[in-house]
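Chemist: Handing you this structure, nothing more for now.
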Amino acid sequence: MGEVDDQRISELKALKVIAESLNQATELSTMLLDVLKELLAIMKLETGWIFLIDEEKGTYQLAADYQLPEALSNNKKKVMCEGSCWCVNKYNRGALQKATNIMECKRLEDAVENHWGDTKGITHHATVPLTAGTEKFGLLNVASPNKTQFTDGELALLESVAYQVGTAIKRIKLTENEQRLTVIAERNRLARDLHDSVNQLLFSLMLTVRGTKEMTQNPELIEMLNYMQELSQEAMSEMRGLIWQLRPQGLENGLVSALLHYGKVLSIEVDAHVTGVLDIPSEMEECLWRIGQEALNNCKKHANVQKVTMHVLKEKDEVTLTIVDHGDGFECSNMEDFPSLGIASMKERAEILQGTFSLTSKLGAGTTVKVTIPFVKEGMK
């Protein structure tokens, strides 16, 4: 009994460490890896991995793994990131509600069949869904060489940890969403401050310059005042654009409306063509808005055009935004050579939502910006 009691005490201490780690975690991928390592140490197991799963689309991503055998880690873990397997299929069918012994692992079977490397004698794994209340986030899998069965006690321990992990995932996602809303609120505040202070000061400066011109006949002074007036007008135009970047007035009426209005701010006519009803998640809408905004800015600053064509296509699984101008264009054999065009930021915004971004251009023949964003569960990255 003494040895059993010692083992139980050791497990409880380790569970306490896991709980404390989960309560303090603020970054998802780091938290999942740390907990996975601690869990494997408690259970004296060789390897484990965690899939985060989009229940609506049935897609998954390898969010954390530890000490995968060669057969699963070869080729940048391709076998773990592509294709289907029995545990993910059961999860998507709603057949996985608790910790379960999975007899044989399809990914390991495929690895053996295709000679992808050493499996370390691992053929089976236990799997348990990561949940918080009625919400499901993915799967936790653990395995060891020559281990083909997990005891009821081991499965109960897995369920306990998995529920804690699920709760932590939900907390982190809620925190991220709250931070996103805080950023939006701060943008709105800055936009109001710029409009109420700096914008008004620029307007006052323009009026002062105009009044001063009427008080003098000195040609040199009038020339200088004209220059000041032009600068003030340009600054006001830049300020209006900046305010729109911070707070897109009109986005409440939809993406297309916002981009049409922003085009007017830049004195660019936007010829819009929309296919499909644009009822899209706010996160996706904001991403497309920011990319479209940057593309229109480039048209104003670099393309020397007064008109662009915009296509918005909504399909079952994705939305595509395309903005085409027939302006100056440029040679773009390497897009990284043009950081001033904001290409990196547009590409990064698209990839955050698992989308794709492309830019094609030819000197004297215009530029095309195209971004495609797949539908994802609101708040999921």
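The values are calculated or read from the model by the stated rules, or taken from the named source; none is laboratory data. The structure displayed is predicted, hence computed values, not measured ones. Cβ: placed from backbone, ideal geometry, glycine included. Neighbour counts: every protein chain shown. With ligands, DNA and RNA removed, areas are computed over all heavy atoms of the protein, side chains included. Shrake-Rupley method; radii C 1.70, N 1.55, O 1.52, S 1.80 Å.
Chemist: So for each of 40-50, 219-229, 151-161 I average, over its residues, the number of other beta carbons within 10 Å; can you give me the resulting order with the highest mean first?
Modeler: 40-50, 151-161, 219-229
Chemist: What's the ranking of 304-314, 135-145 by average number of surrounding C-beta atoms within 10 Å, highest first?
Modeler: So the order, starting with the most tightly packed, is 135-145, 304-314.
Chemist: What's the ranking of 296-303, 61-68, 201-208 by average number of surrounding C-beta atoms within 10 Å, highest first?
Modeler: The peptides rank, most packed first, as 296-303, 61-68, 201-208.
Chemist: Would you mind computing Rg(Cα) / (2.2 N^0.38 Å) for region 64-217, counting N as its residues?
Modeler: 1.92
Chemist: Moving on to the next point. Keeping all protein chains in place and using 1.4 angstrom, which order do ARG93, ARG192, ARG107 fall into by accessible surface area, from largest down?
Modeler: In descending accessible area the options line up as ARG93, ARG192, ARG107.
Chemist: While we're looking at this one, here's another question. Given labels modelled 7 Å from the Cα in the Cβ direction, how far is it in nm from GLN233 to ILE352?
Modeler: Once both label points are built, they end up 3.6 nm from each other.
Chemist: Can you tell me the length gained on complete extension of the stretch LYS44 to VAL277, counting 0.36 nm per residue apart and subtracting the Cα distance?
Modeler: 78.5 nm
Chemist: If I model a spin label at THR59 and ASN146 as a point 7 Å from the Cα along the Cα→Cβ vector, what separation in nanometres do I get?
Modeler: Between THR59 and ASN146, the simple spin-label model gives 4.2 nm.
Chemist: Shifting gears a bit: So which of LYS301/LYS362; LYS37/LYS106; LYS170/LYS316; LYS98/LYS170; LYS173/LYS316; LYS120/LYS147 end up more than 20 Å apart by C-alpha?
Modeler: Pairs exceeding 20 Å: LYS37/LYS106; LYS170/LYS316; LYS173/LYS316.
Chemist: Run the quick spin-label model on THR208 and LEU33: label points 7 Å from Cα toward the beta carbon, then report their separation in nm to one decimal.
Modeler: 5.6
Chemist: Over what distance in Å are the Cα centres of region 190-230 and region 72-110 separated?
Modeler: When both Cα centres are located, 67 Å separates them.
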